[in-house]
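The values are calculated or read from the model by the stated rules, or taken from the named source; none is laboratory data. Just so it is clear, the structure is predicted and the values come from calculations on it, not from any experiment. Glycine also receives a Cβ, built like all others from the backbone with ideal geometry; neighbour counts cover every protein chain displayed. To get the accessible areas, we keep the full protein, side chains included, count just its heavy atoms, and leave off ligands, DNA and RNA. Shrake-Rupley method; radii C 1.70, N 1.55, O 1.52, S 1.80 Å.
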Amino acid sequence: MTGDLLQPIPLFESLSKDAKNYIINRLRMEMFSPGELIVRQGDTGDSLYIIASGLVKVTKREKDSTSHELARFQTGDYFGEMSLLGGQPRSADITAITDTITLKLLKQDMDAILQEYPSIAVHFSKVLSKRLRDVSQMNFTSTQAISVISLYLPSGSSSPERQ
């Protein structure tokens with residue numbers, strides 16, 4: 001695999017070829033059958049998924065046990081970045097609709113990438129902010145201003161102390 005694989009993916013498109021190749025070398029391929037759950041809402045998020053081929057649906061479960069489909073992702077789309085970068089639990093179920101192949105990036109590998117290429121953190125923060133803004137606009141019909149601040153701490157790091 002080469003860095004060209006990441007070119008059409010907004011999360012990675014402006015990174016250098018070296019940075020893309022560094023990331024490619026850390027991706028793990030996973031295969032899912034139709035109907036198979038890829039991530040479960042509420043689970044700890046420790047990875048990002050890129051859809052290499054296939055189609056998945058994003059489903060949100062409500063407290064009253066109802067669920068509704070929020071979106072569908074296809075080849076070239078990605079999900080899991082908010083859990084990976086922010087450490088929050090998964091916000092929805094992701095289920096394969098067709099045979100699906102994903103490329104999975106684990107948090108420990110993201111930590112290594114950020115050690116090697118610290119400038120990527122700023123890039124990911126911008127992309128994460130845009131994704132959060134897009135999701136927020138789906139949930140709000142008012143013209144509220146939304147501000148997002150993203151902090152990233154490598155695995156095992158403690159919170160920065162206040163001074």
ask   = Using a 1.4 Å probe, what is the accessible area per residue for region 10-101, in Å²?
value = 52
query = Taking R0 as 45 Å, what's the FRET efficiency between ARG28 and ASP64 from their Cβ-Cβ distance, rounded to 0.05?
reply = 0.80
query = Roughly what would the spin-label model give for ARG40 and SER16, points 7 Å off Cα along C-beta, in nm?
reply = 4.2
remark   = Expected field for LYS60, accessible surface area in Å² at 1.4 Å probe radius, rounded to 10, holds 60
request  = With N denoting the number of residues in region 60-100, provide Rg(C-alpha) divided by 2.2 N^0.38 Å, to two decimal places.
outcome  = 1.32
